[in-house]
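Trainee: Handing you a structure now.
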Amino acid sequence: MVILTTNRPDLLEPALAGRPGRVDQAIEIPLPDDACRRRLVTLYGRGLDLEDGVAEDIVRRTDRASAAFLKELLRKMVQHALERNGTVSAQVQANPSLSLPDLESALDELLVHGGRLNASLLGLAPKE
């Protein structure tokens with residue numbers, strides 16, 4: 001059994017996607033809705049200290065985002081919190097408090113500085 005994954009099925013090679021027997025079954029996993037993104041933030045944020053309202057802000061601002069994007073967003077938020085707190089390797093803070101500025105800077109890095117390709121690779125679907 002071979003499992004193929006893509007977040008861009010529209011770009012699959014026609015010879016692969018259009019001929020019987022090449023792909024026996026296609027299963028679409030939809031992008032997470034608000035409730036699912038809330039659960040993903042809880043899962044990926046386990047052990048993290050999110051300030052009040054930050055989790056809901058993440059959910060609200062990540063419409064059309066994949067689970068992979070949410071995981072990377074939380075990872076980037078931790079990095080930004082450590083930088084904001086001036087934490088250096090000798091003083092690694094095990095559980096920095098993640099705040100709205102950390103969310104802002106992480107989204108900026110992933111979506112603005114990373115560009116459209118980065119957003120697409122991380123699983124942020126374009127607006128229709």
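The values are calculated or read from the model by the stated rules, or taken from the named source; none is laboratory data. Computed from a predicted model, the values in this text were never measured in an experiment. We place every Cβ from the backbone using ideal geometry, glycine too, and count neighbours over all the protein chains shown.
Trainee: Kindly indicate whether any position in the range 20-40 is touching a Phe, Trp or Tyr at 6+ places or on another chain (Cβ under 9 Å) and in a helix (DSSP H, G or I).
Mentor: No, every residue in the range 20-40 fails to be touching a Phe, Trp or Tyr at 6+ places or on another chain (Cβ under 9 Å) and in a helix (DSSP H, G or I).
Trainee: Looking at the range 1-55, which of the residues that are within 30 Å of residue 97 (Cα to Cα), surrounded by 10 or more Cβ atoms within 10 Å (Cβ to Cβ) and small (Gly, Ala, Ser) is farthest from the chain's Cα centre (by Cα)?
Mentor: Looking at the filtered set, the residue picked out is 53.
Trainee: Tell me which of these residue 120 doesn't satisfy, since it passes every other one: (1) modelled with pLDDT under 90; (2) in a loop (DSSP other than H, G, I, E, B).
Mentor: Failed condition: (2).
Trainee: Which of (1) assigned to a helix (DSSP H, G or I); (2) touching a residue at least 24 places away in the same chain (Cβ under 8 Å) is the odd one out, the single condition residue 47 does not satisfy?
Mentor: (1)
Trainee: Would you check which residues across the range 26-68 are farther than 29 Å from residue 16 by Cβ, of a type in the set (Val, Ile, Thr) and out of contact with any strand residue (DSSP E or B) (no Cβ under 7 Å at 6 or more places or on another chain) and list them?
Mentor: Matches in the range 26-68: 41, 42, 58, 59, 62.
Trainee: Is there a residue in the range 19-32 that is over 23 Å from residue 120 (Cβ atoms), free of Cβ contacts under 8 Å to residues at least 40 places away in the same chain and among the polar types (S, T, N, Q)?
Mentor: So far as the range 19-32 goes, yes, one or more of its residues are over 23 Å from residue 120 (Cβ atoms), free of Cβ contacts under 8 Å to residues at least 40 places away in the same chain and among the polar types (S, T, N, Q).
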